[in-house]
């Protein structure tokens, strides 16, 4: 009986340690998470749909179509229904920084040393005159 009790206690301890390690490894900052959602309507293309969401810790900020988190993890820029939004970690608020531009961003280039993110919409048209990038100043954002 004592040997069985030690084995059970040992197993419980291992399970608790693994659970704690998994809890500690969860990123508490900004991140993009893909979630699988079962389809409940009759017109579904797939039985399970996959959507991406921006999270700030455990808080779901928004569903995103394309997104990028800055290297420091302080900011995230994302596209949501053809609008480009900027989110500052911990603020709880996203700001529309679209400035009249429509479409999905192709690339995000972060330069936090100069407090800006450059967003490219025109992968097929690299001519900056016909398709200028959207440059967002970070220091004036939420």
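Starting from the 7 Å offset along Cα-to-Cβ, what nm value, one decimal, do you get for the label separation of residue 41 and residue 109?
3.9 nm
Relative contact order, percent, of the stretch 27-137 when contacts are C-alpha pairs under 8 Å separated by at least 6 residues? Walk me through the intermediate numbers first.
Values: 204 pairs, mean separation 17.0, N = 111.
Value for the stretch 27-137: 15 percent.
Note the full-extension length gain between residue 31 and residue 49 as 0.36 nm times their separation in residues minus their Cα-Cα distance, in nm to one decimal. Display every interim value, and only then the final one.
Numbers: separation 18, 0.36 × 18 = 6.48 nm, distance 1.96 nm.
4.5 nm is the gain from fully extending residue 31 to residue 49.
For labels at residue 83 and residue 116 in the simple 7 Å Cα→Cβ model, what's the distance in nm?
Here the modelled spin labels are 2.5 nm apart.
List 45, 51 from most exposed to least, where exposure is judged by having the fewest other Cβ atoms within 10 Å.
45, 51
Each reported figure results from applying straightforward, stated rules to the coordinates on display, with no laboratory input. Fair warning: this is a prediction, and the values are worked out from it, not measured in the lab. Reconstructed Cβ throughout: ideal geometry from the backbone, glycine too, with neighbour counts over all protein chains shown.
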